[in-house]
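Report on one structure; see the data block that follows.
Just so it is clear, none of the values below were taken in a lab; they were calculated from the coordinates. The structure displayed is predicted, hence computed values, not measured ones. Virtual Cβ from ideal backbone geometry, glycine too; neighbours counted across all protein chains shown.
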Amino acid sequence: MKNINKNTIYIAAATLVIGLLIGWFIFGGQKNAPKDEHKHATEIAGETIWTCSMHPQIRKNEPGDCPICGMDLIPLENEQEGEIDPMAISMSPTAMQLANVSTALVGKMKPIKQVRLNGKVQVDERLVYSQSSHIPGRVEKLMVNFTGEFVNKGQTIASVYSPELVMAQEELFEAQKMMETQPQLFNAAKEKLKNWKLSDNQIEGILKNGKIQEEFPIQADVSGYVTKKTINLGDYVRK
């Protein structure tokens with residue numbers, strides 16, 4: 001019985017020792033792994049990059065000559081303190097002097113140098129205006145005859161005969177006869193003429209003359225140069 005107990009104790013002790021050894025090999029090795037990885041990462045981060053002072057886009061892992069200008073490559077300064085845009089170019093003070101690069105604060109000043117560049121001149125679309133007649137009819141007179149002519153705002157550029165406008169004037173004269181009994185009808189007839197961009201002075205002139213005006217002038221809405229002429233004498237235009 002005593003021999004059996006002694007054997008059991010020996011087996012348990014041996015098992016405990018073996019378990020401790022296995023645990024040390026497993027967990028002891030993992031503690032050293034981060035140190036090794038950190039050391040390896042430090043070596044990679046500390047690797048020297050060589051570049052050209054005139055062509056910063058050139059980067060090599062060893063010294064040598066620039067493949068563009070042949071100058072000796074110089075060590076690249078540590079740029080890990082901040083992220084740099086991959087499209088940006090970083091130059092050392094020495095490289096800026098060699099490349100004759102200077103910087104200045106943005107401000108307003110008089111130009112001191114003329115720069116001649118090739119390019120194409122285009123019209124600012126925001127300033128382009130298409131003149132409409134505002135009155136449907138046939139073009140009887142055309143005062144603007146060629147591209148490039150300057151037109152002032154309010155200038156008469158054409159004269160239009162409009163059957164619809166003739167009919168609207170007849171309605172105005174008929175409504176004028178009933179102005180005292182049906183003033184709203186008279187006002188409606190005047191508003192109809194105003195929809196065709198006739199001014200109050202033009203309407204009053206028609207009423208004062210007592211005659212139907214067959215041709216109406218088209219006046220320029222804005223000032224500017226004529227860049228394109230799309231109508232000719234005798235053409236029909238819409239409102």
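What to note about this one:
- Among the GluC sites (Glu not before Pro) in the stretch 156-239, those located in a DSSP loop and surrounded by at most 10 other Cβ atoms within 10 Å of their own Cβ are 180.
- Leading residue at positive end of dipole, the stretch 129-237 (Cβ point charges), from 225, 139, 159: 225
- Translational diffusion of the stretch 96-176, µm² s⁻¹ [Kirkwood Rh, Cα pairs; Stokes-Einstein; 20 °C; 1.002 mPa s]: 109 µm²/s
- Estimated distance in nm for a label pair at residue 177 and residue 208, the labels positioned 7 Å out from Cα along Cα-to-Cβ: 2.4 nm
- Residues residue 147 and residue 221, FRET efficiency given R0 of 22 Å [Cβ-Cβ distance, rounded to 0.05]: 0.75
- Cα centroid separation, the stretch 220-235 to the stretch 118-165 (Å): 3 Å
- Computed from the Cβ-Cβ distance with R0 of 41 Å, the FRET efficiency linking residue 112 to residue 60 stands at 0.55.
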